[in-house]
Amino acid sequence: MASIIAYLTFDGTCREAMNFYKDAFGGELNIMTVGQSPAGAQMPKEAQNLVMHANLKNESLSLMASDNLGDQGLVSIGTAINLMVNCSSEAEIRSIFPKLAIGGRVNSELKVEFWGSLYGDVTDKFGLRWMLNFDIPKA
């Protein structure tokens, strides 16, 4: 079956962002710069340290990213897409949430919502909105 993986694009801050997400989620992070890629020789000197491709993986998350390499610049589509993290435990959501909030803005503090889940959302310091949810087991 097909799966969807978030692919994020940054304007020169991809390495910083992916290390930030590694701190929040854990996992293994692999980064290839433009200069390390086969296309590196054809790219301008100022692009050599930009990220061509990054991949963060843990047992349940796969997040890919790169720096914008196009001439048109990074175009924002506003709040049309958010990243939803369905956590597997209360400890996990309480660990990840404050890490994503560092330097960002908490939109909704973690709290038990009417649908019975522990939920909160944050816009991180890179402008991405993360919605975190933990389905509390029924007694």
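What follows draws every value from the coordinates through simple rules; no lab data is involved. These figures come from a predicted structure and were not determined experimentally. In this analysis, Cβ positions are derived from the backbone assuming ideal geometry, glycine residues included, and neighbour counts consider all displayed protein chains.
Values computed for the structure shown
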item: Proximal lysines to Lys99, defined as alpha-carbon separation beneath 30 angstrom and excluding residues fewer than eight positions away on the same chain; result: Lys22, Lys57, Lys111, Lys125, Lys138
item: Cα-based helix-to-principal-axis angle, 14-25 vs the chain, degrees rounded to 10; result: 30 degrees
item: Length-normalised contact order of the chain in % [C-alpha pairs under 8 Å, at least 6 apart]; result: 21 percent
item: Charge dipole magnitude, Cβ of K and R +1, D and E -1 - the range 1-65, Cα centre, debye nearest 20; result: 120 debye
item: ³J(HN,Hα), Karplus 6.51/-1.76/1.60, whole Hz, each residue of the range 123-132, x for Gly, Pro; result: 9, 6, 5, 9, x, 8, 9, 10, 10, 10
item: Lys, Arg +1 and Asp, Glu -1 on Cβ, resulting dipole of the chain about Cα centre, debye, nearest 20; result: 80 debye
item: Tilt relative to the chain, helix 90-101 - C-alpha long axis, 0 to 90 degrees, to 10; result: 50 degrees
